[in-house]
Amino acid sequence: MGILDFLTGQFIDVIEWTDDTHDTMVWRFEREGHEIKYGAKLTVREGQAAVFVHEGQLADVFTPGMYMLETNNMPIMTNLQHWDHGFESPFKSEIYFINTTRFNDQKWGTKNPLMLRDPEFGPTRIRAFGTYSVRVKDAGRFLTEITGTDGEFTMDEISFQIRNIIVQEFSRVVAGSGIPVLDMAANTGDLGKLIATEISTTIDSYGLSIPELYIENISLPPAVEAVLDKRTSMGIAGDLGKYTQFSAAEAMTAAANNPGGDGGMSAGMGMGMGMAMAQQMNSAMTPQAGPWGAAPAQAAATQAAPPPPPVEKLWHITEGGATTGPFSRAAMGTKVADGSLTRQTLVWAAGQDGWKKAASIVELAQLFTILPPPPPPGS
């Protein structure tokens, strides 16, 4: 082998890049001295672009295909360098492969809550997060604006910058949209498209594009969400009286299923509290007395009914071994008046301990005291 063949063979003649990292955006083809042989084959696959940099200046950008690195297909290189060795000597240049496929499922989110004026809740704070995809739109601009001379540039190195741009535009768009927080979930698709359009100018200056941007969730602070949940629960409960009865029934069922455990005590306490709440609600819903002290008819109807009248006591009389009766107190008064019932007459009534003289019983003794005195003599 001649010395010329040895020198010729040391220069690489096949230039290509196969990526298996899934996060590399730019990779520089490494060769000691950056010596590229004239006539070498450059293979650029789909989803790639190759950028030629000669002596620190961007020389050309190659799209997918196979190229022979010669002057007839490198007009820019012809102007940059004088080929004075029959176009066969190596030239020192750098080749950067750019990944032009989409980088999907990139995360974005607000670090701190965003302040806005909600039409329904007033001043409030929200958080938001989602995903986006990004791809290299202009390989040459991306190399000159972002990558520089970095030999291996990954998505993580620019994701923070893109995330900050998204959050800034999201804050501005949402704050100026006037959409209530409760309606934002129904408009996340339109908001995502609007934000992607707003950031396109800034992203385009990097040589990038945002094909997709999604808002996965917009949330309120935990304290506001807790109050909102209570409000929703009240709306679901509907009639609070029926809801209290239902809760008491559920507590009784739970107590029956666990009669010996602490759950029964807790259920009983819950049932008692529910019944107390029902009574308070019933009292609150009962109409009160009017301004002049007269209660409405509805209030009178809910008052307790008067107690039943006492049962009248009936009396029996015994005379000459015979018993008559029963007689009411009024009938006994008549007998006192006609003399058939005297103070010494034996009487008995239910619940009385044996026969007693009429004068010894309080109810009957009063009948003898109200009689008029006997008429005076000679009248």
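Laboratory data are not the source of any read-out in this text; all were calculated from the coordinates shown. As the structure is a prediction and not an experimental result, all values here were calculated from the model. Note that we place each Cβ from the backbone using ideal geometry, even for glycine, and neighbour counts take in every protein chain shown.
Here the peptides 46-56, 172-182 are ranked by packing, the mean other Cβ count within 10 Å, and the order with the highest first is 46-56, 172-182.
Based on Cα contacts under 8 Å between residues 6+ apart, segment 315-369 shows a relative contact order of 31 percent. Residue-wise HN-Hα couplings along segment 326-331, as the Karplus relation 6.51 cos²θ - 1.76 cosθ + 1.60 with θ = phi - 60° gives them from phi, are x, 10, 6, 5, 5, 5 Hz; Gly and Pro carry x.
Can you give the FRET efficiency to the nearest 0.05 for Ser219 and Glu152, using r as the Cβ-Cβ distance and R₀ = 45 Å? Computed FRET efficiency for Ser219 and Glu152 comes out at 0.75. Residues whose amide H lies under 5 Å from that of Ile15, counting only those 5 or more places away or on a different chain, are Lys41, Leu42, Thr43; hydrogens are built 1.01 Å from N in the peptide plane. Built from the Cα atoms of segment 13-64, the convex hull projects on average onto 4.1 nm², one quarter of its surface area. Candidate cross-link partners of Lys107 among the lysines, defined by an alpha-carbon separation under 28 Å and a same-chain spacing of 8 or more, comprise Lys137, Lys193. Using a simple spin-label model with pseudo-atoms 7 Å out from Cα toward Cβ, Leu314 and Lys107 lie 9.3 nm apart. Karplus-derived 3J(HN,Hα) values for segment 359-366, using 6.51 cos²θ - 1.76 cosθ + 1.60 with θ = phi - 60°, are 5, 8, 9, 4, 4, 8, 4, 5 Hz; glycine and proline are entered as x.
Taking 0.36 nm per intervening residue step and subtracting the Cα-Cα distance, what contour gain separates Ser328 from Lys230 on full extension?
Details: separation 98, 0.36 × 98 = 35.28 nm, distance 6.73 nm.
Roughly 28.5 nm would be gained on extension.
In sequence order, segment 172-181 has phi-based couplings of 5, 5, 5, 5, x, 6, x, 7, x, 4 Hz under the Karplus curve 6.51 cos²θ - 1.76 cosθ + 1.60, θ = phi - 60°, and Gly or Pro positions carry x. In segment 103-224, inverting the average of 1/r over every pair of distinct C-alpha atoms gives 15.4 Å as the Kirkwood radius.
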